Structure formats: C-alpha cells, structure tokens
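The values are calculated or read from the model by the stated rules, or taken from the named source; none is laboratory data. Note that the coordinates shown come from a computational prediction; the quantities given were computed from them, not determined experimentally. Cβ coordinates were reconstructed from backbone atoms using ideal geometry, including for glycine residues, and neighbour counts include every protein chain displayed. Keep in mind that these areas ignore ligands, DNA and RNA; they rest on the heavy atoms of the full protein, side chains included. Shrake-Rupley method; radii C 1.70, N 1.55, O 1.52, S 1.80 Å.
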Amino acid sequence: MTMLYHGPEARGTVWAEVFARRLPDVPFCQWGHDTVNPVTVRFMAAWNPAPDMVAQFPNLEVLFCVGAGVDQLPLHSLPPQVRVVRMIEPGLTIAMAEYVATAALVLHRDLPHFVSEQRAGRWSYAPPRLASERRVGVMGLGALGKAALDMLKPMGFALSGWSRSAHDIGGVECFVGADGFDAFIAQVDILVCLLPLTPETHGILCRKTFEKMPRGAAVINAGRGRHLVTDDLIAALGSGQLRAAMLDVTDPEPLPAEHPFYSHPAIFLTPHVAAETRADTAGEVLTDNVERILSGRAPLGEVDRSRGY
Ligand code: NDP
Ligand code: OXD
C-alpha cells in the first residue's frame, strides 16, 4: 500500500518525514523521484493529476487534493470508485480568516478611496464609521467561511452568511439557498465570496447580484476568479453601484499585464495569496485522514463528486 505524491518537492519532503514517523507501513513516494510499483498505489496526493496519470494506478482508492478547492480536478472523468478528499487544515484556514478580516477592514475604512486620493495629492476628509455600522455577508459557510466569520466577530461588524443548506452560527444571520439569496444580498455592505466554484456558483458575482446590493457596497472575492464577471464589476464600480473591490482570485491567473484590474483605483488586487496549504500542518492532517480510512472511518473533507465540492 503506497501513498503517491505529485507536487512541489519541498512539501513532499516534509510529508515523507511525517509518514515515516506516523505511518511507517505506508510508504510515501514522490512522483518523478521514487520508483513505484503502480499496483501498490492506494492513495494519491496531488493538485490536478492528469487523467492518464491517474489511469496508471488500477488500485487507487483515494485522491487527496492538496488544496481546499477541487474545481481544477476532472471530477467527472475520475474512475467512479476513487474517493476525493480536499484539504481542510489549520494553516490554510487561519490564513484565509486573516485575509478576509484584513480585506473587510480595508473596505470598511475606505482605503482604496483614500489611497487614490493620496496618489492624486488630495486631502479628502470623510468622517469614519464604526464596524458596528457596517454589514458583512459571507457567501459559503464551509471551513473557510466559518473561520472568516469567527475572526470578524470581535470587530463588531453585523454579520450574515449564505449557504446551500441551513446553518446555525451564533451571532450570524444565516440565509439558505436560492430562496434566501435576495434577502441576504439586499442587506450586505461588504460581500465576501468563499464559495467553491461549481456550475451553480460560476459567475455569481455579476450585474444581477450587484444591482440587488445596497448602493455603494463593496466586494471581496477570495473564492475563484470565475465567480466574478469582470465587465460587470467594472461597470458597477463605474456607476457607483459598487464602491470598491478586493480580489485575490482572477480569471485567468496570472492576469495579463494590460488587464483593467491592475490600474483600477477602486480595486485592490492580490495574486492568489489569501491562503495556501502549509506543509507542516497539512502533513499531520493528511496522515490523520489516511489513519481514519485505514481504521474504517470517514476522512475529513470528503468531496461529493456529483455536487462538485
Ligand atoms: P467548503 O466546501 O467547506 O464550503 C463551501 C460552502 O459553500 C458551504 O457552506 C456550501 O454550502 C456553500 N455552497 C456551495 N455551493 C453553494 C450554492 N450553490 N449555493 C449556496 N452555497 C453554496 O469549502 P471551503 O470553505 O473549504 O473553501 C471554499 C473555497 O475557497 C474553495 O472551494 C476555494 O475555491 C476557495 N479557496 C481560495 C483560496 C485562496 O487562496 N484564495 C484558498 C483556499 C480555498 P453547504 O454548507 O450547505 O454545503
Ligand atoms: C486552494 C487554493 O484551493 O489554494 O487550496 O486556492
């Protein structure tokens, strides 16, 4: 029984050490470095393995995605018996919560506006508002959405969240599904997208959504670039329907040099750095999950392949 890893070597070296210490009976092999007998491969850890690579391992049972999102995986063409498990690990989760908290404060305190005024040599006074006077709504109440809300809570924002199924989160007004969307979006001053990218969520940050938000609202996209319709955002910022946006993810990545997001005064852009899987903390999570499977328990973060997340 082998765990085959495909990805950056530095992370593989850390994970090989964790497996040697905690699961010495499960050899950890790095694709391209170690010789592997294909029939022994029962587990694979990778970001986006090509279907012809996966096909080489007839006894593959579980594909562990090394990231939190699985939209890059060929979920529909993987062999039907292969279970897919995504990454839920504290390093990535805390980093995302920090990013969302930073972005919410940046937009709450109107920094894109003040930075642009500074660059233009203008001293533009505007009275500050308190967080308690601003409503932050998070789309996606999963591992990352909930952690972001936890970090926002002590700042005093009025919080809400939206998800596919019902959630009950203290201090957060929760809205559910398509029926709850309009009521959710109508009361959000700062909208955070932490949804997975699926056919249902593709393009959800679009003109129709922006028009339902209070005038002068702001958007944070830390989900995936294809959640957002570029031209609709530019138009909403131009008309004043939206005030500002903070984007960590774009379509494509990296953005071409001439893309309007780079120079837009109301957009703060970060290059997909909100959060990433950390070798140390994720190595423990990966071995925990292999232990769980070997003892007949369900792994944490199993993906429903038909649902796409
Ligand atoms: P989870 O799977 O834990 O949570 C997803 C949430 O989205 C759930 O609450 C789910 O609802 C909700 N959801 C899914 N589909 C819909 C829908 N159609 N309508 C309403 N709600 C929906 O994911 P994570 O929190 O771990 O991660 C979220 C995403 O963050 C990842 O998929 C990835 O795209 C992105 N990401 C970005 C990173 C970055 O650096 N920018 C880093 C890591 C991840 P329910 O609870 O009812 O199932
Ligand atoms: C992820 C990411 O999904 O880094 O883990 O975006």
_Which of rounded, prolate or oblate describes region 193-253 when judged by the alpha-carbon gyration tensor and an a/c cut-off of 1.5?_
prolate
*Antiparallel bridges, percent of DSSP beta bridges restricted to the chain (to nearest 5)*: 5
*What shape does region 123-163 have by the C-alpha gyration tensor, where a ≥ b ≥ c are the square roots of the eigenvalues, rounded means a/c under 1.5, and otherwise prolate means a/b greater than b/c and oblate the rest?*
prolate
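So how strong a dipole does the chain carry about its Cα centre when Lys and Arg Cβ are +1 and Asp and Glu Cβ are -1, to the nearest 20 debye?
Values: 27 positive and 33 negative charges, 117 e Å.
Value, rounded to 20: 560 debye.
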*If you take the alpha carbon radius of gyration of the chain and divide it by 2.2 N^0.38 Å, what ratio comes out, to two decimals?*
1.10
_Rounded D (µm²/s) - region 91-269, Kirkwood Rh over Cα pairs, Stokes-Einstein at 4 °C, 1.567 mPa s_ = 79
*asked:* Let me cross-check GLU9: its accessible surface, 1.4 Å probe, with only protein heavy atoms counted, in Å² to the nearest 10?
replied: 100
_As a test question: what accessible area, to the nearest 10 Å², does ASP182 have when a 1.4 Å probe is rolled over all protein chains in place?_
80
*So how do 285-298, 151-164 stack up, highest first, on mean other-Cβ count within 10 Å?*
151-164, 285-298
*How many percent of the accessible area of the chain is carbon or sulfur, using a 1.4 Å probe?*
55
*Could you check how many percent of all C-alpha pairs in region 118-208 are farther apart than 21 Å?*
36
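Over all directions, average the projected area of the Cα convex hull of region 198-309 and note it in nm².
9.2
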